[in-house]
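Below is one structure, written out as structure tokens, with a few remarks after it.
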Amino acid sequence: MSNHHDPGHADKTPDVSDIANPDVSHEGSDVNVGTVFKFIGVLFVSTLVIMVVVRWMAGYLLQREISEEVAPASRVNPPGTQRLPPMPRLQGAPGSVRLPEDDLKKFREEQETAVDSYGWVDRQAGVVRIPIEEAKRLILARGMPVVTATPVAAKPQAPASATSNAKPGPNPKTGAPAKR
């Protein structure tokens, strides 16, 4: 066997039994285990004492706060009562029973009903409202209504010029709103 280093066996510990150094030796006690355990014990007991003192102080301060409660600044609205401003109140504010979400839901339902149902817009003028899908079908079948320069309604109005931005009125025959 040769004494050279074999790279294939790097995980083996070399034999050092023949090496001896009388001046270097293992120290008898690196750490005093008893002292470490005493320190841990004192630390644990100190933590418990601090926890008890803090708990007692919290209870004492809470009782002192309750016993030294001052009178309210105003006798008009004592604590525990609620004085509300007059109506109308803001949505979602204290004392308000209406929420913005409820109002929005109601508004959308009203709009859907108006768009999807028949009804009178102006009974005296003979103007009606029809469902939007029916109005689309009628416009596709009959074409766009023609807007005359003089309105058909009984109310006198100024004639609309070709460059006017005025909205055309509803078709008097079908009641369908005229589109621009």
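Provide the gained length on full extension for the span Val31 to Leu48, in nm with one decimal, where the gain is 0.36 nm per separating residue minus the Cα-Cα distance. Spell out each step's value before the answer.
Working: separation 17, 0.36 × 17 = 6.12 nm, distance 2.67 nm.
Here the answer is 3.5 nm.
Given R₀ = 30 Å, what would the calculated FRET efficiency be for Leu140 paired with Asp103, taking r from the Cβ atoms and rounding to 0.05? Mind dumping the intermediate values first?
Numbers: r = 36 Å, r/R0 = 1.20.
Taking R0 as 30 Å, the efficiency between Leu140 and Asp103 is 0.25.
Computed across the stretch 100-142, the Kirkwood radius stands at 11.8 Å (inverse of mean 1/r, all Cα pairs). Placing pseudo-labels 7 Å out from each Cα toward the beta carbon at Leu90 and Arg123 gives an inter-label distance of 4.2 nm.
The length gained on full extension between Val24 and Trp56, counted as 0.36 nm times the residue separation minus their Cα-Cα distance, comes to 5.8 nm.
All of the numbers you see were taken from the coordinates with simple rules; none came from a lab. Computed from a prediction, not measured in an experiment: that's the story for all the values here. No Cβ is skipped: glycine too gets one built from the backbone with ideal geometry, and neighbour counts run over all protein chains shown.
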